[in-house]
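Any read-out appearing in this document is the output of simple, stated calculations on the displayed coordinates, not a laboratory observation. Please read all numbers here as calculations on a predicted model, not as lab measurements. A quick note on method: Cβ atoms are made from the backbone with ideal geometry, for glycine too, and the neighbour counts reach across all protein chains shown.
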Amino acid sequence: MVDERNDQTGAEAGAGAKINRRFLLSSMGIGGAGIALGALGHKAYAQTNQVAALEDQVGFYGEHQSGIVTEAQDRMHTAAFDVQAETRAELIELLKVWTSAIAQMMQGAPVGQTGALDGSYDAPPEDTGEAIGLSASRLSVTVGFGRTLFSKDGKSRFGLEGKLPAALIELPHFRGDMIEEQRSNGDLIVQACADDPQVAVHAIRNLARLAFGTANVRWSQIGFGRTSKTSTVQSTPRNLFGFKDGTNNILAEEAEDLDKHVWVGTGGTDQPWLVGGSYMVTRRIRMHIETWDRSTLGEQENLVGRLKGTGAPLSGGDEFTTPDFAMAGSAGPIIPKDSHMAVVHPSTHGGARMLRRGFNYTDGSDGLGRLDAGLFFIAFMNDVRTHFVPIQQAMSANDAMTEYLRNTSSGLFAIPPGVREGEYLGQGLFEG
Amino acid sequence: MNKIFASSTILTLGALALSGCTDNNAAATSDGSISVVSTAEACKVSSNSADGGTLKFNVKNEGSAVTEFYLLAEDGQRIVGEVENIGPGVSRDLVVMAPAGKYFTACKPGMVGDGIRADFAINEGGDGTEVSADRASLQKTATDQYAAYVKDQTEQLVRGTEKFADAFAAGDEQLAKSLYAPTRMHWERIEPVAESFGDLDPILDAREADLEKGDEFTGWHRAEKDLWAATGKDKMSKAERTKIAEGMVKNTKELYDRTQKLQFTTDQLANGAKSLLDEVATGKVTGEEETFSHTDLWDFQANVEGAKIAYQDLQPLLAESDSALDEQLKKKFAALQKQLDAYRMGDGFVYYQELSDAQVKELASGVDALSEPLSKLTAAVVK
């Protein structure tokens, strides 16, 4: 509970938290925590809590959607939806309802006018309630559109003829892919990230609830730990192979590279509505962690191309030292040509970089005594045709690490730009 | 594709020790290991003698080029133990079992020349371990035996493939089906070796899902699909079958030619055995290898046999360095074989899809029970 550290007593802390969440809902969309709490008249209380509450919040409004350059949170719940409604009006209404609910939840407020507790005693509460007492936990929610939203079975949908971006392709089958269609793609994607898993799940659950009758969940995935850093202030986390992951990621501070590789620019798309947006690739990559765990440290490091301990390239230095792919080893380069790093490094792909934002996952076990665990890969870029596709083709053909991987789901979504107050997510697609 | 045997990825020895040792004076480390610091000009060894038995050198590369470290026999030629590929700033251990005698230590910064050498003596006594006069010759025996096994299996694979290809091309489905699984067993026994040829493996053994758009589907699994395809409409023409059959024979002969020249190292044998059990765990026990014929248990049996051969070749080395692990492996190999024997039928096995979920789970547990100790084999035999 974020408020607790600023309060004198436990009782006040509980009350404060409750007031915070409940009061915020009525000021939704126009104010922040400061206004809401200030209106209570507890000025001193408001000041101390405002800082804590805001530190724990990610801004919803802006040029770009949240959840892309946002400092990677620790937990993730992502869900894809299929739209069952047939009219454009219903789809727009859903996006409006979602926009308002997301804005509320990202401020740590419950969903709707009456939240979890203040509605009619004879009606189900508007908000499901499991986030009562929890802070916003840096919740970010990112919404995008799959190829099938624009057309399906050769038929255009929702009056979106001519609006499909050329780069929103159908991802090809890559070597070794074992894609399960029912946990792949989808008309809509919603990525919820937060530092508290309950907050992320609460977001997806409430958005799914609001969608009933218009759209239903096609698949969903929980990630329990981030595998990328997206800011200079973060340290590099480890994936389930036990190696540092995302050492060379594009960071929020690298504005030039973000424009070059992540954000869709005016000259970079055939669809003006997508300017300021991006593309999101999702891949559920199961790791054969049991056989990996039986491989020698020497093999593991040669598969990755880096030292397991420090994350330094096998050619020496520290984690951030530029790898020397030409340095000779006892038999071939000391960084093996078929190591993961050598195969996917930007230097072998014309400088192409992706903003990776994946999460470790475990989804129980597989019935054979093994954990169903791995990496839910998420990456943002401004064109998969120049970024993800060639890199994944190289990986599936040449990367020795793929022996321990199995791609089980795949998705590509166009992420519209951020919204200003009063707008709804994706508005440019329908009204541009 | 398995890269265990691809030479560029192999470290003869590679236990990384993050000792944090930055002492230029190469002092002996607290665990009794001998510290070595390699630079461009020097090879500082913390001691010029040690007690016989198991020795551990912790080699730190403080130079800017890749280095290697060797323990050489008295003749200055024969390698008793080596660590290759020590990158700048990296520490690696060399663990070696050696009897009393005169030796040389050598660092080889830049991996060229004779290296920077110094005398090294191993005294009698030590930890009481009996060490063979020459573990290197035991290693050579093991790897020679394994090379002979690989030769023999590829010879049989060539002969079997020719027969299969003839029957398949001629449209004798019944004969081709009966030859399919038994012939493939020769491939499966040496799978990590066969797969190390990255150009031949996909054209001989790729499953349909292993291909991307534009790749041609050829080899064993193309024939499998044709033979066991449910309906007649997808059947290949005689000309198409002939092309697949000819490709299989030609490429298997190429595999044969290449394996004749192969030499192996001890760690490759041990890692290869582990890798064969990985193949069982990820492809066979899941029934994904033989999608149409469901002859996964033949492959399963062959993978286990190949792993057992490698283990048996290494057994004299293992018995000396880790007799408990040796005993454990003996038991687990026997236990898994007993499990597999329960599914024998005629000359072969029951088809995978006839197994219940519970039976598959039992087999998977047996595979895990063997795989776990098997993964410890490499470190025990390279000493």
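Quick notes on this structure:
- Global dimensions of the protein assembly as shown from alpha-carbon coordinates: Rg and Dmax equal 30.6, 94 Å.
- Tilt relative to chain A, helix A:88-106 - C-alpha long axis, 0 to 90 degrees, to 10: 90
- The charge dipole of chain A, taken about its Cα centre with unit charges on the Cβ of Lys, Arg, Asp and Glu (plus for the first two, minus for the last two), comes to roughly 380 debye.
- Cα convex hull, the range B:136-381: 121 Å³ per residue, rounded to a whole number.
- Partner lysines for B:K102 [C-alpha distance under 20 Å; skip if fewer than 8 residues away on the same chain]: B:K44, B:K56, B:K383
- Helix A:43-55 axis, angle to chain A major axis (alpha carbon atoms, nearest 10°): 30
- GNM top mover of A:H349, A:H261, A:H340 - chain A, alpha-carbon springs below 10 Å: A:H349
- Taking a Cβ cut-off of under 9 Å around A:R175, the surrounding Lys, Arg, Asp and Glu residues balance to a net charge of -4, with basic ones at +1 and acidic ones at -1.
- Integer Hz, Karplus 6.51/-1.76/1.60 couplings in order for the range B:54-66, x for Gly and Pro: 9, 10, 10, 9, 9, 9, 10, 8, 9, x, 9, 10, 5
- Under 16 Å from the Cα of A:K229 - lysines, other chains or at least 8 residues apart: A:K244
- For a straight C-alpha distance cut-off of 21 angstrom, the lysines reachable from B:K238 (same-chain residues fewer than eight places away being disregarded) are B:K163, B:K177, B:K225, B:K250.
- Here the simple spin-label model places points 7 Å from the Cα toward Cβ, and for A:S347 and A:I169 these points are separated by 2.7 nm.
- Within a Gaussian network of chain A (alpha carbon springs, distance under 10 Å), most fluctuating of A:H202, A:H64, A:H173: A:H173
- Unit charges at the beta carbon, dipole of the protein assembly as shown: most positive-side option, B:I116, A:G146, A:Q57: A:G146
- Comparing B:A167, B:L255, B:A270 along the charge dipole axis of the range B:136-381, the residue lying farthest to the positive side is B:A167, per the Cβ-charge model.
- Using alpha-carbon coordinates, inclination of helix A:10-26 to the longest axis of chain A, degrees: 90
- FRET efficiency, A:Q234 to A:Q198 (Cβ-Cβ, R0 22 Å, nearest 0.05): 0.50
- For A:Y361, the residues whose modelled amide H falls within less than 5 Å of its own, excluding neighbours fewer than 5 places apart on the same chain, are A:F224, A:G374, A:L375, A:F376.
- Taking amide H as placed 1.01 Å from N in the peptide plane, the amide H of B:N85 sits under 5 Å from that of A:S330, each at least 5 places away or on another chain.
- Sequence-distant residues sharing a close amide H with B:G53 (under 5 Å, placed H): B:A98
- Compactness index (Cα Rg / 2.2 N^0.38 Å), chain A: 1.02
- Simple spin-label estimate for B:K253 and A:E130 in nanometres, 7 Å along Cα-Cβ: 6.5
- Contour excess over end-to-end distance, with Cα ends at B:R344 and B:L262 and 0.36 nm allotted per residue: 26.1 nm
- The helix-based estimate of mean residue ellipticity at 222 nm for the protein assembly as shown, built from -39,500 (n - 2.57) per DSSP H run of four or more residues and divided by its residue count, is -11500 deg cm²/dmol to the nearest 500.
- Each residue of the range A:58-65 was assigned a 3J(HN,Hα) from its phi angle through the Karplus expression (A = 6.51, B = -1.76, C = 1.60, θ = phi - 60°), giving 9, x, 8, 8, x, 5, 10, 5 Hz with x at Gly and Pro.
- Sites B:R117 and A:N248, calculated FRET efficiency, Cβ-Cβ separation with R0 35 Å, nearest 0.05: 0.30
- Each of B:E240 and A:S100 was given a label point 7 Å from its Cα along the Cα-to-Cβ line. The distance between the two points is 5.9 nm.
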